[in-house]
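Working notes, beginning with the structure itself.
The values are calculated or read from the model by the stated rules, or taken from the named source; none is laboratory data. Please read these numbers as outputs of a predicted model, since none were measured by experiment. All Cβ positions, even for glycine, are placed from backbone atoms using ideal geometry, and neighbour counts span all protein chains on display. Keep in mind that these areas ignore ligands, DNA and RNA; they rest on the heavy atoms of the full protein, side chains included. Shrake-Rupley method; radii C 1.70, N 1.55, O 1.52, S 1.80 Å.
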Amino acid sequence: MSGPRVLMLGGTGVISAACARRFVSDGFDVTVLTRGRTTLRPLPEGVRRLTADVHDDASMRAALGDETFDAVVNFVGYVPADITADVARYAGRTGQYVFISTGSVYARPVPDLPVTESSARRAGNFDYPAQKLRCEEELERAFRYEGFPATIVRAAHVYDETVFPTLAGWTVIDRWRRGRPAVVHGDGTSLWNLTHASDFAVGLAGVVARRAAVGESVHITSDEPLTWDGIHHCLARAAGVEPRIVHRSSSDIGREIAWMGTVLQEDFRHSMFYDNSKIKRLVPGFSAQVPFERGAREILRWFDADPSRQQVDAELDAAFDRLAGDCDG
């Protein structure tokens, strides 16, 4: 007997690719629908592949026809219109609709740590979590008033070997290898959470097609407390370099790098740590297995294996030089 019949909207991103692999290994009958443009993370054997644009109703109808699924998992929904369209499209055609949201919907600064699923949510001035929160609200309305079988799953800074969890990316490693300091916001001691995509996938696989999760929201994160200095030190050890660090306020960084200032001031500068009791109740035995020390080594191996992956942002590099000034770190 085959496992749950699951439709994944998206399957080649950091989170979705890991989930596709996990679903297949757990025996799910997996269909992945993408635009077919990304090859960085190939789909595993055993996945049925469909090509369509989730924002084009005609192409979606052509790809899916009148098929039904035990669960639909949306990794690519970003605005409320996406959710409205999906509620109409999948009502009566799936036993569960799982929306991948973000831990960034929780209000900053956090009144109490650790964060639970009942912690306050607030849009703030950062558009990405603001839109995700509006999507959550649309799904909650559909569940409460139309019986749509929604589950909200919040990811919190998920990474794999292809992604640096720092906003400056490879530029930090390049600077260290040239003897230049990296710039870290605040004093580097605020708490943060990083979750390896393979760990997130284990938790999500336990939630998908699970009746007890319908109508619920749950976050899936690691239990490892990290500081931003600690994150940089892990990366430096993996890169075999001395972690030269200069601390600057989020507002100072924002004056030099506008886009980074928004993310820092609205999100990264605030301490975040999560209570995972709920996912552990829903998925007995779940516990994240990949500490960032190991994850950092995976990242450096992947980037060092191919110089074409080592992209330095020249504008960001120059901005870090201005922020660092004559400081030796």
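Per-structure values
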item	result
Scan of the range 65-84 for residues that are out of contact with any Lys or Arg (no Cβ under 8 Å at 6 or more places or on another chain), without any contact (Cβ under 8 Å) to a residue 60 or more places away in the chain and either within 18 Å of V218 (Cα to Cα) or open to solvent by less than 40 Å² (accessible area, probe 1.4 Å) (or both), ordered by number	D82, I83
Residue match in the range 266-289 (condition: within 20 Å of the chain's Cα centre (by Cα), open to solvent by less than 20 Å² (accessible area, probe 1.4 Å) and farther than 28 Å from V207 by Cβ)	no
Residue pairs meeting the criteria (Cβ under 8 Å; at least 6 apart or on separate chains; first open to solvent by less than 40 Å² (accessible area, probe 1.4 Å), in the range 10-25; second of a type in the set (K, R))	T12/R41; G13/R41; V14/R41; A17/R41
Verdict on R89 being open to solvent by 20 Å² or more (accessible area, probe 1.4 Å) and assigned to a helix (DSSP H, G or I)	yes
Single residue of A182, A258, A201, A212 found to be under 30 Å from V283 (Cα atoms) and either in contact with a strand residue (DSSP E or B) (Cβ under 6 Å, 6 or more places away or on another chain) or open to solvent by 40 Å² or more (accessible area, probe 1.4 Å) (or both)	A212
Some residue of the range 37-51 being buried (at least 21 other Cβ atoms within 10 Å of the Cβ) and among the hydroxyl-bearing types (S, T, Y)	no
Residues being part of a helix (DSSP H, G or I) and either touching a strand residue (DSSP E or B) at 6+ places or on another chain (Cβ under 9 Å) or buried (at least 18 other Cβ atoms within 10 Å of the Cβ) (or both) - total across the range 233-251	7
In the range 290-325, the residues that are closer than 22 Å to V246 by Cα, open to solvent by 50 Å² or more (accessible area, probe 1.4 Å) and charged (D, E, K, R)	E293, D313, E315, D321, R322
